[in-house]
1. Would it be correct to say that residue 52 is aliphatic (A, V, I, L, M) and free of Cβ contacts under 8 Å to residues at least 24 places away in the same chain?
2. How many residues are exposed (fewer than 14 other Cβ atoms within 10 Å of the Cβ), in a helix (DSSP H, G or I) and either modelled with pLDDT of 80 or more or of a type outside the set (Lys, Arg) (or both) if we restrict to the range 11-32?
3. Taking the range 14-61 on its own, how many of its residues are closer than 14 Å to residue 81 by Cα and among the acidic types (Asp, Glu)?
Amino acid sequence: MIAEDSQLMILEKGSFQKFVRDPKVLNLPKIKEIIGNTPALEFLDQKKVDELANRSILKRFDTNTLLIRQGSPAKYFCFIKNGFLKVGLIYK
């Protein structure tokens with residue numbers, strides 16, 4: 001087939017298969033749902049929701065994983081989809 005006066009976006013088959021199997025791509029609808037159901041983010045328009053979702057990942061942590069240590073810079077800005085975080089203070 002010859003296309004006349006056409007522009008095509010071409011993606012190599014292996015690259016496409018890698019893309020569609022990427023957990024980030026597979027989780028994008030879930031991430032958008034979390035953002036949409038977060039009252040603190042209800043002011044975001046759809047463009048901003050999409051932008052935030054594209055920069056986010058879903059990550060699962062094992063029980064008793066230390067996420068933030070008192071006095072250390074935070075590595076994450078988290079929204080809890082399910083489960084809970086235990087917060088404690090260390091007094092010296």
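The values are calculated or read from the model by the stated rules, or taken from the named source; none is laboratory data. If you're wondering where the values come from, they're calculated on a predicted model, not measured in any experiment. Backbone-built Cβ (ideal geometry, glycine too); neighbour counts: all protein chains shown.
1. Yes, satisfied.
2. 11
3. The qualifying residues number 1.
Rundown of residues vs (1) among the β-branched types (Val, Ile, Thr); (2) under 20 Å from residue 29 (Cβ atoms); (3) surrounded by 10 or more Cβ atoms within 10 Å (Cβ to Cβ), yes/no style:
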position	(1), (2), (3)
47	no, yes, no
50	no, yes, yes
56	no, yes, yes
61	no, no, yes
66	no, no, no
73	no, no, no
79	no, yes, yes
82	no, yes, no
86	no, no, no
